[in-house]
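Student: Structure below; questions to follow.
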Amino acid sequence: MSFSWTGLVTVLLLQQRVRTNEPPNVIFAMADDMGWGDVQYNGGSALTPNLDKMAQSPNTVLLQRYYSGGPRCSPTRGTVLTGRNHNRYCIWSTTGGNSQPDFKEPEPQALPLSEITVAEVLRDHGYSTAMFGKWHLGDFKPIPGGNKKWPVSHPGLHGFDQWWATERSAPTCTLNCGCFSNVTCLHGHYPNKTPACTNYYTQQHHSDHIVGWPNATEGDDSEFIWTLTEKYIREQVKIRKPFFLYLPFHTVHVRYIATEQYRSLYLSKNCSSDQADYYGAITALDHVMVITDQQGIALVRLMDYVDTRAVCTREECEYQG
């Protein structure tokens, strides 16, 4: 992986609970490789009406100089979860990508089990904890060449009661299609790329056995993650238990691929196939961010954006509709 994270924007939304003595629910959602200048409220070309609404809300604190905790993917994620500089837990870079099948490419830099995460702290204070999305902080199974001291370091070992996660980067559409035969993969502007088997995994209940998502995930990956999210939120509301939910989306890291529903918004607006996939994937992510408001739940919500790539100018690719 060759990208570097050069900037971070966070949007914080705090809504007061009807009974202020109840602990707030917390959702921390993080976009991957999403540029500061991609969203509309910063003058970007991607259609982001829901993120714009969040940014402009009187209940929002918009931090324009909130930088990532590390120069690359894994150290930033470790800092988000631990609150510590990545040099303290010895993660400086990243390995892997979606070029190799799952469990074929080791992750020698793993988050040590000795680190205390925000999920562990909140769980100890009565919270339910969950994580859906990209992990990239260690292997789910021991692999030759992996971390010798921490050969396994998955979300379940770091305070998350429920989790479905990929080990590292994955396509933003039809994510695990390479794991199944007779399944149609969406290739977008990568017509000659054969997808590797990159799947979601979790820890089987009351065991150390790691199991994969049993079926092909169709369509946009952000929408798939939000399907898991909605189910989880409804469960916690039903049992009236506060929750901490960590959502590290794959969007819009390579391979970024958008469904036709979102690609078509940009292909007719002087955008290349690459740009239509890129901005389309961002719009798909933006689309799911409105659903939480419909749950009637008071939330603290954080949205992090990483400024990692140059964006096309508005004259080159602009949506006018």
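The values are calculated or read from the model by the stated rules, or taken from the named source; none is laboratory data. Remember, predicted model here, so these are calculated numbers, not experimental data. Counting neighbours? That spans all protein chains shown, and the Cβs are built from the backbone with ideal geometry, glycine included. Areas reflect the complete protein model, heavy atoms only, side chains present, ligands, DNA and RNA absent. Shrake-Rupley method; radii C 1.70, N 1.55, O 1.52, S 1.80 Å.
Student: Of the residues that make up region 256-274, is at least one out of contact with any helix residue (DSSP H, G or I) (no Cβ under 9 Å at 6 or more places or on another chain), assigned to a helix (DSSP H, G or I), farther than 30 Å from TYR127 by Cα and in contact (Cβ under 8 Å) with a residue 40 or more places away in the chain?
Tutor: yes
Student: When you go through PRO108, PRO75 one by one, which is the residue that is out of contact with any strand residue (DSSP E or B) (no Cβ under 6 Å at 6 or more places or on another chain), without any contact (Cβ under 8 Å) to a residue 24 or more places away in the chain and farther than 21 Å from GLY212 by Cα? Please lay out each step first, then the result.
Tutor: Numbers: PRO108 fails: without any contact (Cβ under 8 Å) to a residue 24 or more places away in the chain.
The unique qualifying residue is PRO75.
Student: Go through region 63-83 and report how many residues are surrounded by 14 or more Cβ atoms within 10 Å (Cβ to Cβ) and modelled with pLDDT of 85 or more.
Tutor: Of the residues in region 63-83, 10 are surrounded by 14 or more Cβ atoms within 10 Å (Cβ to Cβ) and modelled with pLDDT of 85 or more.
Student: Something else now. Scan region 247-260 for residues that are modelled with pLDDT of 95 or more and farther than 19 Å from ASN199 by Cβ and jot them down.
Tutor: ALA258, THR259, GLU260, listed by residue number.
Student: Can you tell me which residue in region 284-305 is farthest from the chain's Cα centre (by Cα), limited to those that are open to solvent by less than 10 Å² (accessible area, probe 1.4 Å) and modelled with pLDDT of 50 or more?
Tutor: Here the answer is THR292.
Student: Let me ask something additional. On the basis of being more than 16 Å from the chain's Cα centre (by Cα), surrounded by fewer than 18 Cβ atoms within 10 Å (Cβ to Cβ) and farther than 27 Å from SER272 by Cα, does GLY159 make the cut?
Tutor: no
Student: Let me ask another. Which one is least open to solvent (accessible area, probe 1.4 Å) among residues in region 104-136 that are aromatic (Phe, Trp, Tyr) and part of a loop (DSSP other than H, G, I, E, B)?
Tutor: In this case the residue turns out to be TRP135.
Student: Okay, next question. Give me the strands (runs of 3 or more DSSP E) completely within region 158-231, filtered to those with at least 2 residues that are modelled with pLDDT under 95, ordered by residue number.
Tutor: none
Student: Another one. Just give me the residues in region 137-156 being of a type in the set (D, E, K, R) and either closer than 16 Å to SER169 by Cβ or open to solvent by less than 10 Å² (accessible area, probe 1.4 Å) (or both), in sequence order.
Tutor: The answer is ASP139, and nothing else.
Student: Select from region 228-272 the residues that are surrounded by 15 or more Cβ atoms within 10 Å (Cβ to Cβ), within 27 Å of HIS189 (Cβ to Cβ) and among the hydroxyl-bearing types (Ser, Thr, Tyr) and list them in ascending order.
Tutor: Across region 228-272, the qualifying residues are THR251, TYR256, THR259, TYR262, TYR266.
Student: So which of GLN15, GLN100 is modelled with pLDDT under 90, within 24 Å of PRO155 (Cβ to Cβ) and surrounded by fewer than 20 Cβ atoms within 10 Å (Cβ to Cβ)?
Tutor: Matching residue, one of GLN15, GLN100: GLN100.
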